[in-house]
Amino acid sequence: MKVILDGAAVEVDGKATILEVARRRGVYIPTLCDHGRLAPHTACRLCIVAIKGRRGVAPACGTWVEEGMDITTRTPEIDRMRRQILELLLSEHPSACLVCSEKKTCVDYKCTIRKVGEVTGCVLCPNDGRCELQTVVEKLQIETVHFPAFYRNEPVHREDPFFERNMNLCILCGRCVRICHEVRGASTLAFLNRGSRTVVGTALEKPLLESGCQFCGACVDACPTGALFEKGVKYEPRPDCEKPMICGFCSQGCALLLELREGRIQASPPAEDGPVNRGQACVRGRFLVRQAVYHPKRVLRPLIRKDGVLTESSWEEALGLVAERLAAAKPGEIAALGSAQSSCEDTYAFRKFVRDGLKAARVAGPEAFSPQARLLALGGDQGFVPALNYAIADIGKAKAILTFGPVLPMVGLEIQGAVRSGAKLVVVGGPETPLVRCTRAWVKIPPGTEGLLLAALSRILGDEGAFAEGPALPGSAEFKKLLREVRPAEAAHVAGLSQDKLQSLAQLLEKRRPAAFVFGPAFGEGPGGPGNLAALWNLALQTRGLLAPLGYESNARGALAIANAVGGLSVDEAEAIYRSIPDGGFPVLYLAGPAPEFAARPAGFVVVQDSYLGGNAEFADVVLPAATFPESGGTFVNVEGRLQGLGPAVEPLGESRPGWRIVRDLARAIGLPGFEFSGPADVLAELSVAAPAFRSDDRRPLAGGDFLREPDATPPAFAVRPAPAGGPAPRFEHNDDRYQGLAMDREIRGLALIRGNK
Amino acid sequence: VRKLSHPDHLAEWKALLLEERPVHAKTIAVTAGTCGRSAGALPVIEALKAEIAKQGLEKTVGLVVTGCHGYCEMEPSLVIHPKGIFYKQLEAADVPAIIGESILKDKVISRLVCHDPATGRQAVRPKDIPFYRKQMRILTEANFQIDPLRIEDYILIDGYQALARALFDMTSEGVIAEVKASGLRGRGGAGFPTGQKWEFCRAAHGHPKYVICNADEGDPGAYMDRSLLEGNPHSVIEGMLIGAYGIGASEGYIYVRGDNPLAVNHIGHAIERARKCGLIGENILGSEFHFDLHLVTGAGVYVCGEETSLMASIEGRKPYPRQRPPFPAQEGLWGRPTNINNVETWANVPLILRKGSAAYAAIGTERSKGTKIFSLIGRIRNTGLVEVPMGIPLREIINDIGGGVKDGKAFKAVQTGGPAGGCIPASLIDLPLDYDSLVQAGSMMGSGGMVVMDETTCMVDVARYFLDFLQDESCGKCAPCRVGTRRMLEILTRITRGRGEPDDIGRMEELAATMKAASLCGLGQGAPNSVLSTLRYFRHEYEDHILRKTCPAGVCKDIGSADPRLEEPRR
């Protein structure tokens, strides 16, 4: 359609607001309440424009252009009104610095700094220099406020972890309230009172900790002023550079934009262009990166146990000792445990080292227990290779969603978005999570009965002829035969559900397509795990729904692909290794990843490669300090199978080194050839040769943003062979809040408060 | 209560009711709206019941507890039918005399009747009383007769016949055409043509469609809608049913203030009765028309009278207004096409269908048709609700109906249109009261509040009062209203305390222009009106306060006071 903007004809495609059209044309319209992710609020009224043929003025942010609309963005009267509205806002916002006559010289010489206190000006405001109010004041050239200043005198809320709320700086644009409600679905923040007494706060003015806040920090990032501000950086100088980084705390792979000052991380807000998180983060990514990297439990130099005490040493001495003991071990005496939180480069180097350098070692990693590994195991039992890649965004397109166990934060947002646009969510079992609030039903069934319930659903759907349309899939005839033996009434009884509820669940899956089935690691664990997985797999095939396995560790998918290429173990074998280690099954232990907590010294010689002095360091003979993810960078594969790689953002702290370099140096100390990497790029190049999953069709290595290749995947088929019983769950703690040896939910105070750990 | 499944059932029921009705020689109709009750109507009713029982008159004397008769100054009052004797300012002690003299002996008790101040003669019947003489009570007439808790009483005055006519003799388009032809304009304030509004909603895509009755009457001293809901709730329901049929709506909401408990009670009762009779529900009167009606009570937030806030409140959200367009007719309640009208507008609809649009359009002026109920309060002798034809000169309301200003003081101004309206000075006393003349005079019709002021009123203080009300009731969403009302109030407070500055008038005018143009909803846009209209007609009073530090009316006591604590207005 054609519209006229300030006299110029503009062609507009699709639905757009006047503000959007103006921005595309480079026409500046001031605004404070508009936010890209939020519905128009039309409250600050700074974006008023004139439309020919309409009475008065209209807000550009909340007015959609129409064919032939003739818009004037500036007239003397509009400018006057904008300035007056801004003056009204400034009359209730500490603005002494904003309209100070010495503003210009103050920037250089701070000549007037002592003339203002915190409550009257910008000089002591944490947001000074990146405040949107300052920008708009500049643009509108406000030099005086013609109204007497009014200070709200609201108490500053400092009681909560991670950020403060100072409503004296608030201009009530409502972005925080709206993002909390519209995007995060938490609805923790709200407008309290009305009229000139309106403030943003929580229900009954309780602390955020008691108000269901997830501390995702979305409100802090949305705030145009300093009203909501991160605590730790409040009094630090402004960052001098920003570097993108993939968050290494969980398997979603959110993109962060690290704010650095003199090579130190200050804050880690989410990046707007992150393909997974699109400007959102969770408490870990948003607030814990700095705290984890500079945590007091970091190991900064290699440690060697001397006379029973871990003593700092040089890399040379530590590596020499490790090399000596590893080389001296007899075949089968070494167990090496990897990590699924290291980059692909680190993981590949480690795996290769164990395979080539410690020929007789048994190696395993937590990726062996990931839902993806269990799905592969299911395929192995049933005679097919499942494809594991999917897109989190597709969960948001589902019309019916079933979840089993807690979901990842961004997956939660997708689900909430789907529910807002009409999808129905059913939470099956598990603890109460924030998602339970927006479910149609929370089906609380005893653990272990999931498979029974799912089979019953398959049976009911089969009875109603609700096999999805399309060509019959392999095994569907046998599957239908098997279903005849399922007794829905019995299953409902065992699961403690009424028949009606079971029927309504089946109806939901029948009427609402596509469906999405989201499940966490616990779903496939334990004796009933393989049965659960088989039943879910079949139900998803039957309804042609999306099967979305979630995971814990940031690079579990990558580690799994590497392990499978370099020589991986089955779930059972991995479990056997983990079980036998605490019982002294191996004289030499190389722990580069999580292990069960030991009650006593588990081996004659224990090497711990970690960034933190965790629980198992107590039994370590040598501790090799590893770098954290912002220091080592590297390639990570997220839960979808998406490859994301970035260089390091900061130098490793102390003498810590990235994992691939520790391996290289160790190989050098042993005298092992084949590890002469000059940098992570070398490792990746070798990896893409060794593992076809990391290679594109034309044999080039995959680039960031590509999905892991699954050349072996076969067409899906129904799982019709009897599922074996699963082993007992591994004895080390699965925990989203654990990063390497650091239990963040205990060691970082703010997170401990949120998780309820005193 | 009968189940009505055919249009003829209405007439049959009426005939049956007439037949069954005990033939009372006399019927006493006692006013017991909220106003009557607060003036002491309930003890009078109890005493009447007791006295009738005592005298054994149950068979011959009927007692009807009605809604407000409008003459609030004289409450508690009653009318004895069929003669129509109007007794005023009653107490329980008057009851034996009323029964003994007027009922049994047909005598008029002269101390209880009104007198015409012009002639000094007794004015026994309402039509003789000056307060009623110049009124045209077509909406409120039924309040003299019917018990709002009895649907039978409404059936007896041909209630729901207009609905039957619409459903069986007219198409939906025909109903809208009829309302358009009547020239009915919205009684809620802005005066938008009702038929046109219905047409927009009918043409909008979306299903289901909703109709809403805005009964969130919140202007200080205005209680037209409360009185209609209390006295004749079925007329509102019938209007909504007809409107819903015209628009194609299948569900309706009545949003009524919770602080009008009697109105909530009566309209809730009426909805239940109408539902039991099959007038709400499926296949109404045997037609293909289905309609369900819900009652929502608001918490007494002024901004909920704004249509988008009201809908947010029904949806269970914080009642913040939102930008229009899209208008409710396109995207209203739960995003569906919605038509909102005020109580009085809905109550006019059955009337139009019953009398025909031509007869209705014969009342009023060229661009303002029908009657309007005004709530006449302030420094006036006859406080009450008055229903007058559109276009009646202000003079007739003040002097004839209102009986002039109290205590012999001089008439100074009348404030119309609620807090967002304006003041009309005594010099414009011949102004015809219709939508357009009022706007031209710098005020507006609003919902019909009319506050009379005499020479002892300070106009700056009046502006301050209304602005204080609005800054208190501002929802706080948009900046011009939230902060603007507050800064404006500070300036006004400063002026009334003798600390006004010469620039203040210009400053207020500039701020008013911004608020009027840039505010999000009608509350903020109308907020500066009280200042602008008093500045227009009483600028000299502002100048007296600012330049000469005097309050001509002697209202602003703190003027000249040096106490700085007085600077801060209420928060």
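Please treat every number below as a calculation from the coordinates, not as lab data. Bear in mind that the values here come from a model prediction, so they are computed numbers and not experimental data. Methodologically, a virtual Cβ is constructed for each residue, glycine included, from the backbone with ideal geometry; neighbour enumeration extends over all protein chains shown.
Dividing the convex hull volume of the Cα atoms of the range A:1-64 by its residue count, what figure in Å³ per residue is obtained? Working shown, then result.
Details: hull volume 5.7 nm³, N = 64.
Residue-normalised Cα hull volume stands at 90 Å³.
Give me the percent of Cα-Cα pairs in the range A:14-116 that sit more than 15 Å apart, rounded to a whole number.
68
Quick one: give the max-minus-min coordinate of the C-alpha atoms of chain A along each principal axis, largest first, in Å.
The Cα atoms of chain A stretch 85, 71, 53 Å along the principal axes, largest first.
Using a Cα-Cα cut-off of under 30 Å, which lysines could be cross-linked to B:K3, ignoring same-chain neighbours fewer than 8 residues away?
Straight-line reach from B:K3, under 30 Å: B:K14, B:K59, B:K209, B:K276, B:K355.
Find the Rg to Rh ratio for the range A:203-335, where Rh is the Kirkwood radius over alpha-carbon pairs and Rg uses the same atoms.
Using Cα coordinates only, the ratio equals 1.15.
Work out how much length A:E182 to A:E651 would gain on full extension: take 0.36 nm times their residue separation and subtract the Cα-Cα distance, in nm to one decimal.
Details: separation 469, 0.36 × 469 = 168.84 nm, distance 3.82 nm.
Contour length minus the Cα-Cα distance gives 165.0 nm.
Have a look at chain B and give its Rg and Dmax from the Cα atoms, expressed in angstrom.
24.6, 76
What FRET efficiency would be calculated for the residue pair B:D158, B:T456, taking the C-beta separation as r and a Förster radius of 51 Å, to the nearest 0.05? Write down the numbers at each step before the final one.
Values: r = 48 Å, r/R0 = 0.94.
So the FRET efficiency works out to roughly 0.60.
Just how far, in whole angstrom, is the range A:347-401 from the range A:73-102 if you go by their alpha carbon centroids?
One Cα centre to the other: 58 Å.
Could you tell me the distance between the Cα centroids of the range A:570-633 and the range B:426-442, to the nearest Å?
Between the Cα centre of the range A:570-633 and that of the range B:426-442, the gap is 90 Å.
Just the number, please: Stokes-Einstein D of the range A:607-758 in µm²/s, Kirkwood Rh from C-alpha pairs, 10 °C, 1.306 mPa s.
So the translational diffusion coefficient is about 83 µm²/s.
Return the loop-located trypsin sites (Lys or Arg not before Pro) in the range A:8-43 (DSSP other than H, G, I, E, B) with at most 14 other Cβ atoms within 10 Å of their own Cβ; answer none if there are none.
Passing both the DSSP loop test and the Cβ count: A:K15, A:R25.
Would you order B:C114, B:C201 from fewest to most other beta-carbon atoms within 10 Å of each residue's own beta-carbon?
Fewest to most other Cβ atoms nearby, the residues stand as B:C114, B:C201.
Among A:K103, B:K59, rank each residue by its count of other Cβ atoms within 10 Å, from fewest to most, as a rough exposure measure.
B:K59, A:K103
Relative to a virtual label point 7 Å from the Cα of B:A93 in the Cα→beta-carbon direction, which members of the range B:45-67 show backbone nitrogen distances below 18 Å?
Under cut-off, by backbone N: B:45-48, B:51.
Cα to Cα, under 17 Å, and not fewer than 8 places away if on the same chain: which aspartates and glutamates meet these conditions relative to B:K49?
Within the straight-line limit of under 17 Å, B:K49 reaches these aspartates and glutamates: B:E58, B:E91, B:D94, B:E101, B:D147.
DSSP beta bridges in the protein assembly as shown, what fraction antiparallel, as a percent rounded to 5?
Percent antiparallel among DSSP bridges in the protein assembly as shown is about 55.
Using all Cα-Cα distances in the protein assembly as shown, what percent lands in each 10 angstrom bin from 0 up to the longest?
In order of increasing distance, the bins hold 1, 8, 13, 16, 15, 14, 12, 9, 6, 4, 2, 1, 0, 0 percent.
What trypsin sites (Lys or Arg not before Pro) in the range B:94-161 are in a loop by DSSP, with at most 11 other Cβ atoms within 10 Å of the Cβ?
B:K105, B:R121
Whole-Hz Karplus ³J(HN,Hα) for the range B:66-71, in order, using 6.51 cos²θ - 1.76 cosθ + 1.60 and θ = phi - 60°, x for Gly and Pro?
10, x, 5, 8, x, 8
Can you list the residues, at least 5 places off or on another chain, whose amide H is less than 5 Å from the amide H of A:Y739, using H built in the peptide plane?
A:M744
Based on Cα coordinates alone, diagonalise the gyration tensor for the range B:215-261, multiply each eigenvalue by 5, take square roots, and list the semi-axes in whole Å, largest first.
23, 11, 9
For a quick check: sort B:H294, B:H207, B:H266 by the number of other beta carbons within 10 angstrom, fewest at the front. Kindly include the intermediate steps, with their values, before the conclusion.
Numbers: B:H294 14, B:H207 10, B:H266 24.
The fewest-first ordering by Cβ neighbours comes to B:H207, B:H294, B:H266.
Can you give the FRET efficiency to the nearest 0.05 for B:H290 and A:A39, using r as the Cβ-Cβ distance and R₀ = 30 Å? List each step's numbers first, then the result.
Details: r = 33 Å, r/R0 = 1.10.
For R0 = 30 Å, the calculated efficiency reads 0.35.
Across the range A:431-446, in residue order, what do the Karplus-derived ³J(HN,Hα) couplings come to in whole Hz, using 6.51 cos²θ - 1.76 cosθ + 1.60 with θ = phi - 60° and x for Gly and Pro?
After applying 6.51 cos²θ - 1.76 cosθ + 1.60, I find x, 6, 10, x, 5, 4, 4, 10, 7, 7, 8, 10, 8, 8, 10, x Hz.
Students often forget the sequence filter, so: which aspartates and glutamates lie under 17 Å Cα-Cα from A:K306 once same-chain residues fewer than 8 apart are removed?
A:E316, A:E317, A:E324, A:E618, A:D621
Any idea how far apart B:E543 and A:E66 come out in nm if each label point goes 7 Å out from Cα toward Cβ?
That separation, rounded to one decimal, is 4.5 nm.
May I ask you to derive the FRET efficiency for A:R54 and A:E324 from their Cβ-Cβ distance with R0 = 56 Å, giving the value to the nearest 0.05?
Efficiency computed from Cβ-Cβ geometry: 0.10.
Expressed as a rounded percentage, what relative contact order does the range A:239-371 have, with Cα pairs under 8 Å and six or more residues apart?
Reported relative contact order: 14 percent.
If exposed means no more than 13 neighbouring beta carbons inside 10 Å and the site is in a DSSP loop, what's the longest run of chain A without any exposed chymotrypsin sites (Phe, Trp or Tyr not before Pro)? Before the final figure, lay out the partial values.
Working: sites that count: A:Y28, A:Y151, A:Y235, A:Y294.
My reading of the result: A:295-758 is the longest stretch.
Output the relative contact order of the range B:443-541, whole-number percent, from Cα pairs under 8 angstrom with separation of 6+ residues.
Once normalised by length, the contact order is 35 percent.
Please list, in chain and number order, the residues 5+ apart from B:L63 or on another chain whose amide H is under 5 Å from its amide H, with Hs placed from the backbone.
B:I28
Could you please state, rounded to a whole Å, how far the C-alpha centre of the range B:29-48 is from the C-alpha centre of the range B:137-213?
Here the answer is 30 Å between Cα centres.
List the pairs from A:K234/A:K297; B:K197/B:K369; B:K26/B:K105; B:K477/B:K516; A:K52/A:K139 whose alpha-carbon separation is above 21 Å, in the order I gave them.
A:K234/A:K297; A:K52/A:K139
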